[in-house]
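One structure below.
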Amino acid sequence: MVGLSLGEQHFIQGGIAQDLRCDGRKRLTYRPINVETGVIPQANGSARVRIGATEVIASVKAELGKPGMGQPDKGKVFIYIDCSSTAEPAFEGRGGEELSAELSTALHRCLLGAKSGAGAGIDRTSLVVVEGKICWDLYIDGLVVSSDGNLLDALGAAIKAALSNTGIPSVKVTPGASNDEQPEVDVSDEEFLQFDTSGVPAIVTLTKVGRHYIVDATPEEESQMSSAVSISINRKGHVCGITKRGGAGLDPSVVLDMVSVAKHVSEQLMNKLDSEIASAEAEDES
Amino acid sequence: MAGKSATPATYSPSPTTGKTKSTLLKENWIRPDARGFHQCRPAFFRTGAVNAASGSAYAEFGNTKVIVSVFGPRESKKAMLYSDSGRLNCNVSYTTFSTPVRGQGSDHKEYSSMLHKALEGAIILESFPKTTVDVFALVLESSGSDLPVVISVASLALADAGILMYDLVAAVSVSCIGKSLVIDPISEEENCQDGSLMITCMPSRYEITQLTVTGEWSTPKINEGMQLCLDACAKLAKIMRSCLKESASDAQDESS
């Protein structure tokens, strides 16, 4: 928790009301975003994202597995977030567990869509190798290295970058003798298929302080919030998931207003991220 | 609904109807329980289900049966630091026999924190400093829309316990299946939904305390879904209020 004096609290609230925040930003401006890809050689894809002093790493590992009973035509995706105690002493031991669980659920909601898989950022049907028998299991792990506010947006961006960096090995399948037998697979270690990330949404968290809302809040600003709404929006401008934090109630019209603001902001964020990812990929290859 | 036992208080796992996705994706499909798309299941509420608790409530929405007890305000655990405002502790658990496949209820670990988030905005925590209120919810039978039911019942149990609140919290969810929005979905519908939207709100104050959306939604659709939920919440809160009034007048009759 951030301990702020009454004066500091008023200063932050007043600044936000006048559209001039403590670090000189406007209400809807992000801090500089920095993306690096391919930071973890052992993973199939990885990325490090820095937004201000917030730093997160996301890694994607693909393993061959069996599709779930109810959904033979879909691969499985697991998202785990770890809040390291190196980021903040409060995360030590079980302290980070609650936040980790909250972030994982929010990301799950934003990226994987509903049960039928419609509207999901990650197309799980593309992960199937042999229907009902073999599929890829994607393990997406996020690590919070340094926490300076706006973790969810940073993690969302890092996962997006890590996925676009992900290469899934191409697989040769030798069908088994009978239908019930598990087919044999030959995993190539040279050929990789690029993962399609065009549908992966960007997450925009709008933090409500007083009567206004801001993006990319710092911990000081977060401590003054009444509530925060995280909205994930894809390229088509469709909402892919909404999560609300903070206790205070919101008027329904405010929520709808937030959605339209988020739509506007996400477009800029998405463009910024895409260009950052492209330049990071280019740097990675050279 | 078919398979409804004669005495609703008996716990019996809901019969698993073999509804598959294909039946729900036809052009002119009807809902498995023959409800209209914008029609909620009949709700049944009763307060005072548990004697040992400060307040409790039981509810049935079709085959979804939930019991919630509220304990406290009582002294916070010793390890907790001093706090000016009260604390709220929520836990949602499933009986092992609540789901068609035994023990599947443990898939819903996030429900406890969601219940907490939905309720904290409605409770006047300053009214019981240094102490904790425990809200324990048990899903006896799970048959769709579990979380909204749990949240509504929990707010009723809190009211029954005499915890100060700004307003009752009512929760309703809608599922998007194909092009249609269905309110208060049952398990079969939830299993093949393309998107879901849940709103918990305080109807008298017209404020949303919690909101979750999954799946892909266009703005007009979100608009429509929210309005549907808000209207249903207002109706639900009326039923909850009348249940509270009933139990209060019963108590008065007994004492006189």
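Below is a table of values for the structure above.
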item: Subset of the range A:216-245 [within 8 Å of another protein chain (Cβ to nearest Cβ), assigned to a loop (DSSP other than H, G, I, E, B) and touching a Ser or Thr at 6+ places or on another chain (Cβ under 6 Å)]; result: A:HIS238
item: Yes/no for B:LEU164 being open to solvent by less than 40 Å² (accessible area, probe 1.4 Å) and of a type outside the set (Asp, Glu); result: no
item: Cβ-Cβ under 6 Å pairs, at least 6 apart or on other chains, the range A:262-286 side over 17 Å from A:ILE40 (Cα atoms), far side open to solvent by less than 40 Å² (accessible area, probe 1.4 Å) and of a type outside the set (A, V, I, L, M, F, W, C); result: A:LYS263/A:GLY237
item: Count of residues meeting criterion [under 16 Å from the mean Cα position of the chain (by Cα) and either surrounded by fewer than 22 Cβ atoms within 10 Å (Cβ to Cβ) or within 30 Å of A:ASN44 (Cβ to Cβ) (or both)] in the range A:213-244; result: 12
item: Meets criteria (out of contact with any strand residue (DSSP E or B) (no Cβ under 7 Å at 6 or more places or on another chain), within 14 Å of another protein chain (Cβ to nearest Cβ), under 16 Å from B:GLU216 (Cβ atoms) and buried (at least 22 other Cβ atoms within 10 Å of the Cβ)) for A:VAL200; result: yes
item: Qualifying positions in the range A:1-40 - touching a residue at least 24 places away in the same chain (Cβ under 8 Å), among the aromatic types (Phe, Trp, Tyr) and out of contact with any strand residue (DSSP E or B) (no Cβ under 8 Å at 6 or more places or on another chain); result: none
item: Residue match in the range A:205-212 (condition: crowded, with 20+ Cβ neighbours inside 10 Å, without any contact (Cβ under 8 Å) to a residue 60 or more places away in the chain and within 9 Å of chain B (Cβ to nearest Cβ)); result: no
item: Residue match in the range B:216-238 (condition: open to solvent by 10 Å² or more (accessible area, probe 1.4 Å), more than 14 Å from chain A (Cβ to nearest Cβ) and touching a residue at least 40 places away in the same chain (Cβ under 8 Å)); result: yes
item: Extreme residue, farthest from the other protein chains (Cβ to nearest Cβ), among residues of the range B:170-194 that are within 12 Å of B:VAL149 (Cβ to Cβ) and touching a strand residue (DSSP E or B) at 6+ places or on another chain (Cβ under 7 Å); result: B:ASP184
item: Residue count, the range B:72-96 (criterion: open to solvent by 50 Å² or more (accessible area, probe 1.4 Å) and touching a strand residue (DSSP E or B) at 6+ places or on another chain (Cβ under 8 Å)); result: 8
item: Among the candidates A:ILE12, A:ILE79, A:ILE57, A:ILE51, residue that is open to solvent by less than 40 Å² (accessible area, probe 1.4 Å) and under 30 Å from B:GLU190 (Cα atoms); result: A:ILE79
item: Within the range B:195-215, tally of residues that are out of contact with any Lys or Arg (no Cβ under 8 Å at 6 or more places or on another chain), within 9 Å of chain A (Cβ to nearest Cβ) and either surrounded by 23 or more Cβ atoms within 10 Å (Cβ to Cβ) or of a type in the set (Val, Ile, Thr) (or both); result: 6
item: In the range B:26-53, the residues that are at pLDDT 85 or above and closer than 30 Å to B:ARG74 by Cα; result: B:PHE44, B:PHE45, B:ARG46, B:THR47, B:GLY48, B:VAL50, B:ASN51, B:ALA52, B:ALA53
item: Qualifying positions in the range A:137-162 - more than 24 Å from A:GLN224 (Cα to Cα) and either of a type in the set (Lys, Arg) or buried (at least 24 other Cβ atoms within 10 Å of the Cβ) (or both); result: A:LEU138, A:ILE140, A:GLY142, A:ALA157, A:ALA158, A:ILE159, A:LYS160, A:ALA161, A:ALA162
item: Residue, least open to solvent (accessible area, probe 1.4 Å), within the range A:250-279, restricted to residues that are of a type in the set (Gly, Ala, Ser) and within 11 Å of another protein chain (Cβ to nearest Cβ); result: A:ALA262
item: Failed item in (1) touching a residue at least 24 places away in the same chain (Cβ under 8 Å); (2) touching a helix residue (DSSP H, G or I) at 6+ places or on another chain (Cβ under 7 Å), with A:PRO252 passing the rest; result: (1)
item: Which numbered condition A:SER85 misses (of (1) away from chain B (no Cβ under 14 Å); (2) buried (at least 19 other Cβ atoms within 10 Å of the Cβ); (3) of a type in the set (S, T, N, Q)); result: (2)
item: Residue in the range B:104-115 that is open to solvent by 20 Å² or more (accessible area, probe 1.4 Å), without any contact (Cβ under 8 Å) to a residue 40 or more places away in the chain, under 11 Å from the mean Cα position of the chain (by Cα) and within 13 Å of chain A (Cβ to nearest Cβ) present; result: yes
item: Scan of the range B:118-144 for residues that are in contact with an Asp or Glu (Cβ under 8 Å, 6 or more places away or on another chain) and away from chain A (no Cβ under 14 Å), ordered by number; result: B:PRO129, B:LYS130, B:THR131, B:THR132, B:VAL139
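The values are calculated or read from the model by the stated rules, or taken from the named source; none is laboratory data. Predicted model only: the values in this text are computed from it and were never measured. Glycine gets a Cβ as well: all are built from the backbone with ideal geometry, and neighbour counts include every protein chain shown. The protein model used for the area step is the full one, side chains on, heavy atoms only, and it has no ligands, DNA or RNA in it. Shrake-Rupley method; radii C 1.70, N 1.55, O 1.52, S 1.80 Å.
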